[in-house]
Amino acid sequence: MLSAQERAHVAQVWHLIAGHEAHFGAELLLRLFTVYPSTKTYFPHLGTCQDQEHLLSHGQRILAAVGVAVQHLDNLCAALSPLADLHGQVLRVDPSNFPLLIQCFHVVLASHLQDEFTVEMQAARDKFLTGVAVVLTEKYR
Ligand code: HNI
């Protein structure tokens, strides 16, 4: 459960991302594949230079889902239920990959927002994204 202050930080960061979802998302995926190459096995059709368009479109989809989560902080389970089905029962992505993606997300934000990305914002986002990951991995068998 996020405090009022943490919610404000999450909203503030989202305000800085909104409108640039595809680019933040594509960079997030590229960083993930570069730093943790094993994650790329889930995306055989993504990740090379020639796939920039796919990276942008998948990045856009991931970030759009994060945006939905920002709008439904009190009801993440319902808001993300179809995505939880997809990740848990169809894609079967190993849950250990989620913290890797979250870490790369922090790096992407920090590198773009620089001084605007405060320690309080980072902590609030970490809590928020961990909550999202918990929901997306709760339907694993
Ligand atoms: Ni994830 C598809 C959101 C973490 C592997 N993922 C999606 C889609 C969204 C999404 C949205 C598109 C759904 C659709 O088309 O109906 N993924 C998210 C979010 C997180 C996340 C919000 C974490 C915060 N996904 C991960 C992780 C991995 C992952 C950690 C693996 C390393 N996701 C996938 C794969 C697909 C996918 C694989 C299908 C890709 C495709 O091209 O269809």
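The values are calculated or read from the model by the stated rules, or taken from the named source; none is laboratory data. What you see is a predicted model, and the numbers here were worked out from it, not measured in a lab. Counting neighbours? That spans all protein chains shown, and the Cβs are built from the backbone with ideal geometry, glycine included. These area figures cover heavy atoms from the full protein model, side chains too; ligands, DNA and RNA do not enter into them. Shrake-Rupley method; radii C 1.70, N 1.55, O 1.52, S 1.80 Å.
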Practice task
Can you work out which of the residues in the stretch 102-113 that are within 13 Å of the ligand (Cβ to nearest atom) and of a type in the set (Val, Ile, Thr) is least open to solvent (accessible area, probe 1.4 Å)?
Solution key: Val108
Problem - Count - residues of the stretch 84-95 that are within 9 Å of the ligand (Cβ to nearest atom) and open to solvent by 30 Å² or more (accessible area, probe 1.4 Å) - result: 6
Problem - Thr39 of a type in the set (Val, Ile, Thr) and in contact (Cβ under 8 Å) with a residue 40 or more places away in the chain - result: yes
Exercise for the section: Considering every residue within the stretch 63-83, establish whether at least one is touching a helix residue (DSSP H, G or I) at 6+ places or on another chain (Cβ under 6 Å), more than 11 Å from the ligand (Cβ to nearest atom) and modelled with pLDDT under 95. Expected result: no
Handout entry: Matching residues, the stretch 114-141, being open to solvent by 60 Å² or more (accessible area, probe 1.4 Å), in a loop (DSSP other than H, G, I, E, B) and within 16 Å of the ligand (Cβ to nearest atom)
Key = Glu138
Practice task
Could you tell me whether Ala78 is open to solvent by 50 Å² or more (accessible area, probe 1.4 Å), under 17 Å from Val135 (Cβ atoms) and hydrophobic (A, V, I, L, M, F, W, C)?
Solution key: yes
Handout entry: Hits in the stretch 88-118 - residues which are farther than 14 Å from Ala133 by Cβ and not aliphatic (A, V, I, L, M)
Key = Gln89, Arg92, Ser111, His112, Gln114, Asp115, Glu116, Phe117, Thr118
Exercise for the section: Taking the options His54, His87, name whichever one is modelled with pLDDT under 95 and over 25 Å from Gln12 (Cβ atoms). Expected result: His54
Practice task
Please find, among Leu46, Leu30, the residue that is more than 10 Å from the ligand (Cβ to nearest atom), modelled with pLDDT under 95 and surrounded by 13 or more Cβ atoms within 10 Å (Cβ to Cβ).
Solution key: Leu30
